[in-house]
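Q: My structure is below; once you've seen it, I'll send some questions.
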């Protein structure tokens with residue numbers, strides 16, 4: 001059986017790595033049961049777009065150092081004619097949290113609508129990658145809040161489909177600092193998810209490390225797909241967006257991108 005993925009199609013021009021990616025925006029596109037859909041989630045400026053640009057063989061196409069999110073809407077890319085996976089890989093770049101132009105609630109609502117709509121069409125994710133820059137010296141404020149939102153978005157039941165990816169290793173002066181920070185993340189902040197089945201990978205700005213992320217997701221759980229907690233709450237339990245665990249997590253320990261209007265529900269339109 002095939003479903004209709006709520007995305008439209010735009011060809012890219014680059015064929016740098018020997019395969020061509022198809023950019024999928026709004027509209028519809030046929031989806032096959034054996035497609036491997038991987039979503040990338042994280043704060044603005046963490047390197048999500050860089051990982052995806054590398055996977056699609058178009059390094060630097062969108063990824064630039066900026067305080068504003070490169071991805072304004074969800075953007076998915078189907079990677080065509082890969083030597084191992086053929087045309088089955090679809091990578092989804094999501095707007096970054098902690099964005100200077102939109103609140104975290106607006107970002108979550110946008111991502112949530114896509115997750116709800118795809119789930120209703122029986123389209124499930126194979127993997128969810130949480131991207132974290134190793135250059136962050138401490139986990140406080142926005143980074144800690146966004147991790148909490150991610151945990152509540154995915155839920156413990158989908159941990160085996162979660163991959164925690166660290167980026168920006170090339171920006172470290174001392175690699176030992178990176179090893180120390182990575183270990184702290186594993187022990188102090190990611191321990192619960194790792195114990196539940198989440199994996200950890202380093203993205204080193206190379207095609208090899210980018211595809212290691214994909215290989216890990218595909219091989220680790222025999223391609224069993226994930227139902228996220230957010231999807232269960234919105235569709236199966238018919239909860240309103242404001243009642244979801246992920247939305248509540250935004251205000252449990254508010255960071256700088258939370259404003260009073262969003263807190264009162266005035267700036268975010270209820271999801272369909």
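The values are calculated or read from the model by the stated rules, or taken from the named source; none is laboratory data. Since the structure is predicted, the reported quantities are computational estimates derived from the model, not experimental observations. In this analysis, Cβ positions are derived from the backbone assuming ideal geometry, glycine residues included, and neighbour counts consider all displayed protein chains.
Q: Could you please find all residues in region 104-117 being surrounded by fewer than 22 Cβ atoms within 10 Å (Cβ to Cβ) and in contact with a strand residue (DSSP E or B) (Cβ under 9 Å, 6 or more places away or on another chain)?
A: Correct list: 111, 114.
Rundown of residues vs (1) assigned to a loop (DSSP other than H, G, I, E, B); (2) farther than 28 Å from residue 208 by Cα; (3) under 16 Å from the mean Cα position of the chain (by Cα); (4) modelled with pLDDT under 90, yes/no style:
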{"position": "63", "(1), (2), (3), (4)": "yes, no, yes, yes"}
{"position": "66", "(1), (2), (3), (4)": "yes, no, no, yes"}
{"position": "143", "(1), (2), (3), (4)": "no, no, yes, yes"}
{"position": "146", "(1), (2), (3), (4)": "no, no, yes, no"}
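Let's see how each residue does on (1) surrounded by 18 or more Cβ atoms within 10 Å (Cβ to Cβ); (2) under 17 Å from the mean Cα position of the chain (by Cα); (3) closer than 23 Å to residue 50 by Cβ; (4) without any contact (Cβ under 8 Å) to a residue 60 or more places away in the chain:
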| position | (1), (2), (3), (4) |
| --- | --- |
| 182 | yes, no, yes, yes |
| 213 | yes, yes, yes, no |
| 229 | yes, yes, no, no |
| 242 | no, no, no, yes |
| 246 | yes, yes, no, no |
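Q: Would you call residue 227 modelled with pLDDT of 95 or more and farther than 27 Å from residue 105 by Cβ?
A: No.
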